[in-house]
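The values are calculated or read from the model by the stated rules, or taken from the named source; none is laboratory data. All of these numbers come straight from a predicted model, not from anything done at the bench. Methodologically, a virtual Cβ is constructed for each residue, glycine included, from the backbone with ideal geometry; neighbour enumeration extends over all protein chains shown. The protein model used for the area step is the full one, side chains on, heavy atoms only, and it has no ligands, DNA or RNA in it. Shrake-Rupley method; radii C 1.70, N 1.55, O 1.52, S 1.80 Å.
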Amino acid sequence: MTTLQKAALIVGAGDATGGAIARRFAREGFATCVTRRSLDKLQPLVAQIEADGGRAHAFACDARKEEEVVALVEQIESTIGPIEVMVFNIGANVPESILNETARKYFKVWEMACFSGFLNGREVAKRMVARELPKGGHRGTIIFTGATASLRGAANFGAFSGAKMALRALAQSMARELGPQGIHVAHVVVDGAIDTEFIRSNFPERYALKESDGILNPEHIADSYWMLHSQPRDAWTHELDLRPWSEKF
């Protein structure tokens, strides 16, 4: 009989923040389940985790599709282990003037950055609340990745801001409902440029700030996510702001 291992589900395990979070939880002994729409893009991350001695499982999943999310959570829970941590890390940052924004793209951004957070959060929460309350009273952790747009709507970011602010409200509502049931729901505002290939290629002047710690290191973001999961329930953080020392806010 196969022994199930505690699992961490990283929805939107990209090459930067999501991948770093997956590696961080894998180092702590979790079977790390990573998702993107394209399975091929996950293979380097899985190979790296396994090379470092961890366990990783890749899943192709469109996080906007209810039936795919339901099937994903069922597969992980039945074949890998109980999902103790879920991190929702889908971005969908597509700037556009409100004068040129299309209804189709506006709706798609909302689907990716908010609706899919609801679907994944709901399905994982259902599993967590059904489990016996362990010693310490912590059934699991659900973390949503936010952005500057979660707090204020900048010009040309109507779709992204609308979606991210809605995701923040979802996180607040879930925290108030699920906290008393032993589920730690947190929202992380990542306010600043992150050390990614996208920033390096498209904003070289911003990327140059890396030398003075002026952009966020994905590994350090991941450390904060692990810290959130590790907190005792008498001092749970709901919202955490992460930004470089030099970032204006």
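Summary table
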{"item": "Accessible surface of the stretch 14-147 [probe 1.4 Å, protein heavy atoms]: carbon and sulfur percent", "result": "52"}
{"item": "The stretch 45-87: proportion of alpha-carbon pairs further apart than 15 angstrom, %", "result": "52"}
{"item": "The stretch 143-234: relative contact order in percent, alpha carbon pairs under 8 Å with at least 6 residues between", "result": "26"}
{"item": "Rg over Rh, two decimals, the stretch 1-114 (C-alpha only, Kirkwood Rh)", "result": "1.04"}
{"item": "Ellipticity estimate at 222 nm from DSSP helix runs (n ≥ 4, -39,500 (n - 2.57)) divided over the chain, nearest 500", "result": "-12500 deg cm²/dmol"}
{"item": "Heavy atoms of residue 78 accessible to a 1.4 Å probe, total area in Å² rounded to 10", "result": "60"}
{"item": "In Å, descending, principal axis extents of the Cα set of the stretch 108-249", "result": "51, 32, 24"}
{"item": "For the stretch 10-101: accessible area per residue (Å², 1.4 Å)", "result": "43"}
{"item": "Difference of contour (0.36 nm per residue) and Cα-Cα distance, residue 51 to residue 4", "result": "14.8 nm"}
{"item": "The stretch 66-123: Rg to Rh, with Rh as the Kirkwood radius over Cα pairs", "result": "1.13"}
{"item": "Alpha-carbon centroid distance for the pair the stretch 1-55 / the stretch 177-249, whole angstrom", "result": "19"}
{"item": "The chain: relative contact order as a whole-number percent, Cα under 8 Å and 6+ apart", "result": "19"}
{"item": "Loop-located GluC sites (Glu not before Pro) in the stretch 51-136 whose Cβ has at most 12 other Cβ within 10 Å (DSSP)", "result": "132"}
{"item": "Amide hydrogen neighbours beyond the local backbone of residue 144, cut-off 5 Å, H modeled", "result": "88, 186, 187, 188"}
{"item": "Neighbour net charge for residue 219 - beta-carbon separation under 12 angstrom, K R +1, D E -1", "result": "+1"}
{"item": "Relative contact order of the stretch 54-115, pairs being alpha-carbon contacts under 8 Å that are 6 or more residues apart, as %", "result": "31"}
{"item": "Selection from 69, 138, 42 lying farthest towards where the dipole of the stretch 1-143 points positive, charges on Cβ", "result": "138"}
{"item": "Per residue Cα convex hull volume in Å³ - calculated over the chain", "result": "136"}
